[in-house]
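Everything below concerns the one structure shown next.
Values quoted throughout were computed directly from the atomic coordinates according to the rules given, and no laboratory measurement underlies them. It should be emphasised that the depicted structure is a prediction, and the values quoted were computed from it without experimental measurement. Here the Cβ is made from the backbone with ideal geometry for all residues, glycine too, and neighbour counts use every protein chain on show.
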Amino acid sequence: MKYNDAIKQLQAKQLKSVYLITGEELYLAENYLKKLLTLLNPQNDEEAVQYFDSTSDTKAILQALDSSPFFSKHNIIIAKDLKIFQDKLSTKDKEDEQLFLDYIANMPDYSILILQYNLGKIDKRRKLIKTIEKFGTIVECEAIAYWNINDWLNSHLRELNLRFDREAYAYFLEAIKSMEKISLGFLDQELQKLTLYPQKTLINRQFLEDNFSSIPEISTFRLWEALGNKDIATALELFTIQQQAGIHPLRLLKFLARQIDQLWHVKIYLSEGQSTKQIASILKLHPFITEKIIKQAQNFSLDKIQQMIIDIADADYKLKTGSNEPALIENLLIKFCL
């Protein structure tokens, strides 16, 4: 079950006897566990919850599940990162897996088993997973792509009593698109910083830029914007900041290659007579961002973009083969703006 559907299930107070919280987005996994515990244990009774981990003995976990609760409605057992969910199981792991298989089908009404595994993907074909799904709920906390982040962002902004204006919203979406992997936990920390200014509940782009400027991906994004506007002075200044921060040039080249490929597609779609709305839909971009790229595209011919792609590939090859040209990236940036 997808995370959002699992949350709706909780809101409807549809409780199960066993839960498996899995997926690589730990922020969502911990958030779901927190909401589940709030529902199961509203008094926050520490005696009602017992915790186990990968070092725990399986029989001890099952014995804990058999124990009747004294002063609470539920006996809650939380077990994290058990070895039974690994790809390769030892003989002992297989024996433990069978113990869980036998137990889950006959759990006492008063016990709730919450399993959490975020160390890798689970094999949904396995009998254990199908058994958990039959008698309980499997919550999939998968990483969120930037084009699917709107629901989370809007909900989180409401929780923080913040609003982004149109330009700030588009800037945020475009900036996180430059991240190789989106971490909701990291974004949460950065958005929390904005709440340190209680008088500033409506966030504009400049305020967002000023507060996010230290994030490497934001710095790289601003560098690209400078290149798109042929502002070489700003681009070189931002590259110097990246060097001082220890960011490897290959990381910048990878980002530039992705942005230039996007610029190329926009240029092609424009030549085919596609509208801004159509291009935004095809490339899965915010309309405001698409408008900005179309404006940038006016600064470059198709031949120029093609040459930029070749130059990036050449610089990438030189860096990967040990070429030590101190001004390699600076010269590349300058050439982009000519």
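Key figures for this structure:
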read-out: Of Leu252, Pro287, Leu28, farthest towards positive along the dipole that unit charges on Lys, Arg, Asp, Glu beta carbons give the chain; value: Pro287
read-out: Charged-residue dipole, Cβ positions (Lys, Arg, Asp, Glu), the stretch 196-338 about Cα centre, Debye nearest 20; value: 340
read-out: Centroid-to-centroid separation of the stretch 106-154 and the stretch 233-262 [C-alpha atoms, Å]; value: 38
read-out: Selected from Thr220, Tyr197, Leu238, residue furthest toward positive end of dipole (the stretch 170-290; charges at beta carbon); value: Thr220
read-out: Burial ranking of peptide ranges 277-287, 242-252 (average Cβ count within 10 Å, highest at the top); value: 277-287, 242-252
read-out: Rounded D (µm²/s) - the stretch 28-88, Kirkwood Rh over Cα pairs, Stokes-Einstein at 4 °C, 1.567 mPa s; value: 101
read-out: Cα-based radius of gyration of the stretch 182-283 once divided by 2.2 N^0.38 Å, which approximates compact folds; value: 1.29
read-out: Global geometry of the stretch 154-201, whether rounded, prolate or oblate, following the gyration tensor of its Cα atoms and the 1.5 cut on a/c; value: oblate
read-out: Cα-centre dipole for the chain with unit charges at Cβ (Lys and Arg positive, Asp and Glu negative), debye to 20; value: 740
read-out: Percentage, to the nearest whole number, of Cα pairs in the stretch 268-317 over 18 Å apart; value: 42
read-out: Cα gyration tensor shape for the stretch 15-60, rounded if a/c is under 1.5, else prolate or oblate; value: oblate
read-out: Lys, Arg +1 and Asp, Glu -1 on Cβ, resulting dipole of the stretch 1-44 about Cα centre, debye, nearest 20; value: 260
read-out: The chain, relative contact order in percent, only Cα pairs under 8 angstrom and at least six apart counted; value: 17
read-out: Mean residue ellipticity (222 nm) of the chain, computed from DSSP H runs ≥ 4 via -39,500 (n - 2.57), nearest 500; value: -18000 deg cm²/dmol
read-out: Charge-dipole axis of the stretch 89-191 as Lys and Arg at +1 and Asp and Glu at -1 on Cβ define it, positive-most pick from Thr137, Ala175, Asn161; value: Thr137
